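> Handing you a structure now.
The values are calculated or read from the model by the stated rules, or taken from the named source; none is laboratory data. Quick caveat: nothing in here was measured; it's all calculated off a predicted structure. Cβ atoms come from the backbone with ideal geometry, glycine included; neighbour counts cover every protein chain shown.
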Amino acid sequence: MNVQEITLGGGCFWCIEAVFQNVKGVMAVESGYAGGHVINPTYEQICTKTTGHAEVAKISFDATIISLVEILEIFWIVHDPTTPNRQGNDVGPQYRSAIYYHNEEQKNIVEKSLQAIEEAGVWENPIVTEIAALHNYSKAEDYHQNYYRKVGNRNPYCTYVISPKVEKFKKLFRQYLVEAE
């Protein structure tokens, strides 16, 4: 086993968490906050759009099953990395597209992945994803953890925002789908 971590922001952390919980080789996904200047912010503080944090998912994965390159391939497609400070109707700096790498090797992989997705022409508009070393990370409150698995489509947000992203992942990335699905 080769356990690694990467921290990704792609709008609401519930969406990124829900997608990556279905990925073969992902061992854990934790919703949190990263990139800001307030130590251990609360969700309420994040919502003021003044802390500088992004909603993120810290993904722990077994690199002998899925590589960081493959994780990033999924990331680039399941959210829109071309919209600054927004994903759909979620607007604000906390919803920015971001990749927070944990070491220099990851930084190099992330930069090559960005170049590859740009060269592939998947997105019509320029990619605006923030790429930076992980800093000032804190775990989100417990009620945010495993949100989609706990609440599912009983919440309209899940029905109209999260479910389509999960379905997009399942359709386009079947080879990475957890066997139990």
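> Any chance region 95-113 includes a residue that's surrounded by 19 or more Cβ atoms within 10 Å (Cβ to Cβ), over 22 Å from residue 70 (Cβ atoms), touching a residue at least 12 places away in the same chain (Cβ under 8 Å) and in contact with a strand residue (DSSP E or B) (Cβ under 8 Å, 6 or more places away or on another chain)?
There is at least one residue in region 95-113 that is surrounded by 19 or more Cβ atoms within 10 Å (Cβ to Cβ), over 22 Å from residue 70 (Cβ atoms), touching a residue at least 12 places away in the same chain (Cβ under 8 Å) and in contact with a strand residue (DSSP E or B) (Cβ under 8 Å, 6 or more places away or on another chain).
> Is it the case, given these coordinates, that residue 161 is under 16 Å from the mean Cα position of the chain (by Cα), under 23 Å from residue 114 (Cα atoms) and surrounded by 13 or more Cβ atoms within 10 Å (Cβ to Cβ)?
Considered against the rule, which asks whether it is under 16 Å from the mean Cα position of the chain (by Cα), under 23 Å from residue 114 (Cα atoms) and surrounded by 13 or more Cβ atoms within 10 Å (Cβ to Cβ), residue 161 comes out as no.
> Quick one: which of 73, 55 is buried (at least 16 other Cβ atoms within 10 Å of the Cβ) and assigned to a strand (DSSP E or B)?
After applying the criteria, what remains is 55.
> What residue, of 39, 46, 77, 6, is in contact (Cβ under 8 Å) with a residue 40 or more places away in the chain, out of contact with any helix residue (DSSP H, G or I) (no Cβ under 8 Å at 6 or more places or on another chain) and either of a type in the set (Val, Ile, Thr) or more than 20 Å from residue 110 (Cβ to Cβ) (or both)?
The match here is 39.
> A further question follows. Look at region 1-38 and say how many of its residues are modelled with pLDDT of 95 or more, farther than 20 Å from residue 89 by Cα and not in a strand (DSSP E or B).
10
> Also: Considering only region 90-106, how many residues are in a loop (DSSP other than H, G, I, E, B) and over 19 Å from residue 76 (Cα atoms)?
2
> Hey, among 24, 49, 58, which residue is farther than 21 Å from residue 135 by Cβ and basic (Lys, Arg)?
Matching residue, one of 24, 49, 58: 24.
> Just to check your reading of the model, which residue among 92, 32 is at positive phi and either touching a residue at least 24 places away in the same chain (Cβ under 8 Å) or among the charged types (D, E, K, R) (or both)?
It is 92.
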